[in-house]
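Below you'll find the structure, written out as structure tokens, and then a few comments.
The values are calculated or read from the model by the stated rules, or taken from the named source; none is laboratory data. The structure presented is a predicted model; accordingly, all values stated were derived computationally and were not measured. Cβ coordinates were reconstructed from backbone atoms using ideal geometry, including for glycine residues, and neighbour counts include every protein chain displayed. With ligands, DNA and RNA removed, areas are computed over all heavy atoms of the protein, side chains included. Shrake-Rupley method; radii C 1.70, N 1.55, O 1.52, S 1.80 Å.
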Amino acid sequence: KATVSVLYWIQMMGLFGGSSSSAAGDKPPFTVLVIQSDGYDWGKIFGSQTIEGREIKVVQSGWEEIGIGPCENYSKDKKMRCCVTVYEETQRNAHKEKIAVKKNPSTIFPELVLIRNEVYTHCSDHRNKLFGLMYSGVPCVNSAESIFSFTERPLIMAELNKLKFKHGDSFPVIDQCYAPSDKTFMYSLPFPAVVKVGAAHAGMGKMKIKDHHDMSDFRSVLAMTNGKYCLMEPFVKNSKHDLRIQCIGNVVRAFSRQDVSGEWKTNTGTSMCEEIPVTPEFQKWVDLVRPLWGGLDIFTIDAIHQTDGKNVILEVNGTSSGLFPDREDEDNILIRDIVLTKAKMIIKGT
């Protein structure tokens with residue numbers, strides 16, 4: 001007796017506002033789910049695209065507005081293995097202001113997912129939804145496996161440390177300490193220091209520590225975080241400006257960021273940014289980072305350029321990396337083209 005997927009019946013019956021199968025002889029659309037609730041209208045960025053006779057259908061929403069599941073592993077049609085319920089779609093007006101399109105929940109079966117928002121932040125945790133995509137084998141940009149690794153800072157630093165150990169000064173990752181909790185807390189590097197608690201992003205969970213007395217006070221606060229881990233590193237006192245090296249596909253850009261508001265965290269205060277040349281050193285960093293986690297399509301490397309001319313790498317960011325405003329329209333087209341290339345490979349079965 002043949003086994004029929006429950007996901008098949010969901011699609012055929014058009015439950016939750018979903019559509020029924022396409023007319024006989026028509027090729028069904030290729031559905032791309034874009035997870036981004038801020039910044040851009042991906043329907044407009046993609047426009048009218050067709051690959052191998054299949055229309056590219058773009059559905060955009062944030063992590064908060066989707067439900068993943070049911071998911072299964074037995075449908076012969078791979079695209080039927082992951083059901084996504086979209087409770088609210090995201091669109092933009094001419095001024096790029098968010099317009100949340102509320103409607104009856106709809107059901108889609110994405111064949112490719114572009115993830116541009118963080119999965120796990122200090123105020124939200126959508127890792128279980130990511131696990132559903134991983135379980136079902138839905139291809140993602142970047143890969144779901146890499147996106148999961150980017151939810152925890154020690155996993156990112158572990159890969160960078162491997163490159164540091166292998167390549168030495170040509171991949172100058174900042175010296176750093178790791179403490180699983182306050183109970184095994186020890187800092188043995190120079191002061192002032194910077195502490196980074198847990199997996200927060202965009203400057204959250206970071207604090208500048210003046211001396212060992214303040215570090216002792218901080219340890220008592222870490223004890224109140226319900227077992228959060230902590231990374232500790234020296235504060236770079238001779239910083240001239242921040243660096244961000246951006247890679248989207250084969251296109252590499254470099255930017256400098258100079259604080260103008262007196263904030264030591266330049267990504268939280270007011271700063272001036274400008275594009276600068278990509279040096280051979282920056283290109284080497286990109287070439288070393290790109291293959292990590294099976295290959296990264298979108299990533300940025302954050303570093304500091306010091307007054308003595310040397311650079312030090314702080315971290316790497318993944319698929320949710322923000323774009324430089326003067327280049328964002330070009331860069332979004334680059335991201336679109338990465339998705340279209342992967343869509344063509346999926347359709348052709350390569």
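Would you be able to say whether some residue in region 213-227 is among the aliphatic types (A, V, I, L, M) and under 22 Å from Gly318 (Cα atoms)?
Scanning region 213-227 turns up no residue that is among the aliphatic types (A, V, I, L, M) and under 22 Å from Gly318 (Cα atoms).
In region 109-138, which residue that is over 14 Å from the mean Cα position of the chain (by Cα) and of a type in the set (A, V, I, L, M) is nearest to Lys78 (Cα to Cα)?
Step by step, filter region 109-138, then rank; the result is Val138.
Return the total of residues in region 309-335 being open to solvent by less than 40 Å² (accessible area, probe 1.4 Å) and either in a strand (DSSP E or B) or of a type outside the set (Phe, Trp, Tyr) (or both).
Total satisfying the criteria: 16.
Between residues in region 128-142 that are open to solvent by 50 Å² or more (accessible area, probe 1.4 Å) and residues that are among the basic types (Lys, Arg), which pairs lie under 8 Å by C-beta distance while being six or more apart or on different chains?
These pairs meet every condition: Gly137/Lys78; Gly137/Arg81; Pro139/Lys342.
Taking region 29-84 as the search range and keeping residues that are of a type in the set (S, T, N, Q) and closer than 15 Å to Ile108 by Cα, which one is surrounded by the fewest Cβ atoms within 10 Å (Cβ to Cβ)?
Thr31
Looking at region 225-262, which of its residues are within 23 Å of Cys123 (Cα to Cα) and at pLDDT below 95?
Thr225, Asn226, Gly227, Lys228
Among the residues of region 267-284, write down those that are under 19 Å from the mean Cα position of the chain (by Cα) and under 22 Å from Asn161 (Cβ atoms).
Residues satisfying the conditions do not exist here.
Give region 237-263 a look and list any residue that's of a type outside the set (Ser, Thr, Tyr) and over 26 Å from the mean Cα position of the chain (by Cα), or say none.
Lys237, Asn238, Lys240, Val260, Gly262
Could you tell me which of the residues Gln283, Gln306 is of a type in the set (S, T, N, Q), within 28 Å of Ile45 (Cβ to Cβ) and at pLDDT 95 or above?
Gln283
Does region 220-240 include one or more residues that are open to solvent by less than 40 Å² (accessible area, probe 1.4 Å) and under 30 Å from Val339 (Cβ atoms)?
Taking every residue of region 220-240 in turn, none turns out to be open to solvent by less than 40 Å² (accessible area, probe 1.4 Å) and under 30 Å from Val339 (Cβ atoms).
Taking Glu275, is it in a strand (DSSP E or B) and open to solvent by 60 Å² or more (accessible area, probe 1.4 Å)?
yes
I'd like to verify a number: residues in region 54-93 that are part of a loop (DSSP other than H, G, I, E, B) and under 29 Å from Glu330 (Cβ atoms), how many?
Total meeting the criteria: 2.
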